[in-house]
Amino acid sequence: MVAYDSGCVLTALVGALIAWQGGSVGGEVWIGYQTAAPIAFAALLIAANPTQTASD
């Protein structure tokens with residue numbers, strides 16, 4: 001979660017920097033991250049596949 005949140009902050013800063021410099025794709029950078037990051041995070045959680053232990 002720390003990496004996910006750090007990516008969100010970094011992407012917001014990059015988007016703000018692009019907008020500050022007069023670019024028009026700052027929002028698209030942030031939206032792209034918000035679209036791709038949850039999918040990547042879900043894939044990592046699925047790949048982790050924690051094993052369940054039987055309760056005695």
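The values are calculated or read from the model by the stated rules, or taken from the named source; none is laboratory data. Model, not experiment: these values are computed from the prediction. All Cβ positions, even for glycine, are placed from backbone atoms using ideal geometry, and neighbour counts span all protein chains on display.
Of all residues in segment 27-48, how many are among the small types (Gly, Ala, Ser), farther than 17 Å from residue 17 by Cβ and within 11 Å of the chain's Cα centre (by Cα)? Full working, then the answer.
Of all residues in segment 27-48, those among the small types (Gly, Ala, Ser) come to 27, 32, 36-37, 40, 42-43, 47-48.
So of that shortlist, the ones also farther than 17 Å from residue 17 by Cβ come out as 36-37, 40, 42-43, 47-48.
Of the ones still in play, those that are also within 11 Å of the chain's Cα centre (by Cα) are 36-37, 40, 42.
Looking only at that region, the number is 4.
Can you find a residue that is surrounded by 12 or more Cβ atoms within 10 Å (Cβ to Cβ), modelled with pLDDT of 90 or more, more than 13 Å from residue 7 (Cβ to Cβ) and not β-branched (Val, Ile, Thr) anywhere in segment 17-25?
Within segment 17-25, one or more residues are surrounded by 12 or more Cβ atoms within 10 Å (Cβ to Cβ), modelled with pLDDT of 90 or more, more than 13 Å from residue 7 (Cβ to Cβ) and not β-branched (Val, Ile, Thr).
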